[in-house]
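Scroll down for the structure; my scribbles are underneath it.
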Amino acid sequence: MPCYNVENYCGAVIESVLHYAQQLILIDDGSQDGTRRLLEAAAKNHPDNIIEILCDTNRGKGFVLLDGMRRALEESCADIILTIDSDGQHDPSNIPAMAEKIDAGAALVIGTRCFELMPLRSKHGNTIISFLLCRLYKNAPIDTQSGYRAFNRTLAKQIVDRVQGGRYEMEFRSLLLALITKQKIAEVPISTVYLDGNKASNFCRFRDTFRILKVLWHHWRYRTV
């Protein structure tokens with residue numbers, strides 16, 4: 001669970017996730033509010049279930065996700081590694097359904113939101129990228145930018161070894177890796193929740209959408225991630 005300036009949201013998410021996950025890796029990506037204090041308190045209250053990764057500066061979601069996945073692979077023999085946002089927009093009660101898809105043979109499971117319920121700042125970019133990716137891969141999932149994902153151990157290791165860091169484009173690169181290696185991708189419908197008018201999200205509509213489109217264009221030209 002990557003965390004960046006989410007002191008108003010992360011506490012409830014942490015407690016809820018612990019109902020479903022055996023181990024939770026919390027990553028403070030250089031938060032400037034009280035997020036780190038809350039993560040440290042949670043780790044103190046659940047020393048057997050929480051691992052902390054604390055960054056002094058903001059590195060970007062993609063970099064810290066890779067750090068978390070690498071730590072999960074090193075620290076445990078987990079067959080399922082799941083990423084979930086810390087801002088309350090993902091319901092942890094969907095974790096069992098996503099885990100069931102991995103148990104049934106999927107390498108990647110994406111929590112799919114309803115585009116019609118998204119605010120415009122998120123809907124437009126998602127729609128364009130989904131449309132273009134589906135022209136390259138007929139089996140591409142609808143929601144290409146959902147951060148709520150589950151991976152089997154094999155794909156998680158491939159992502160750590162082959163995918164670059166960055167911001168939100170890292171998640172898109174991970175999806176491309178699953179597609180080009182023809183791994184099974186499944187989807188689980190999830191609630192479409194945007195708190196406080198999406199103010200909790202650090203996704204920049206123009207900058208981050210451009211970065212993802214740049215990755216897609218490069219992939220179309222060279223078939224790389």
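The values are calculated or read from the model by the stated rules, or taken from the named source; none is laboratory data. These numbers come from a predicted model, not from an experiment. Cβ coordinates were reconstructed from backbone atoms using ideal geometry, including for glycine residues, and neighbour counts include every protein chain displayed.
Remarks
- Residue check for Gln164: surrounded by fewer than 22 Cβ atoms within 10 Å (Cβ to Cβ), of a type in the set (S, T, N, Q), assigned to a loop (DSSP other than H, G, I, E, B) and modelled with pLDDT of 95 or more: no
- Residue selected from segment 35-45 under the condition exposed (fewer than 15 other Cβ atoms within 10 Å of the Cβ) and not charged (D, E, K, R), by the criterion farthest from the chain's Cα centre (by Cα): Asn45
- Set side by side, the residues Asn202, Asn139 differ, and just one is surrounded by 13 or more Cβ atoms within 10 Å (Cβ to Cβ) and either modelled with pLDDT under 95 or part of a loop (DSSP other than H, G, I, E, B) (or both), which is Asn202.
- Condition met for Ser130 (part of a helix (DSSP H, G or I), free of Cβ contacts under 8 Å to residues at least 40 places away in the same chain and surrounded by fewer than 20 Cβ atoms within 10 Å (Cβ to Cβ)): yes
- Gly197 vs. criteria of a type in the set (Gly, Ala, Ser), at pLDDT below 90 and under 19 Å from Gly88 (Cβ atoms): yes
- Across segment 56-113, the number of residues qualifying as at pLDDT 95 or above, surrounded by fewer than 18 Cβ atoms within 10 Å (Cβ to Cβ), among the hydrophobic types (A, V, I, L, M, F, W, C) and outside any helix (DSSP H, G or I) comes to 1.
- Pairs meeting the criteria (first residue in segment 206-225 and closer than 21 Å to Thr181 by Cα, second residue aromatic (Phe, Trp, Tyr) and assigned to a helix (DSSP H, G or I), beta carbons under 7 Å, at least 6 apart or on different chains) are Ile212/Phe172; Val215/Phe172.
- For segment 149-158, the criterion of being exposed (fewer than 15 other Cβ atoms within 10 Å of the Cβ), charged (D, E, K, R) and over 19 Å from Met1 (Cβ atoms) is met by no residue.
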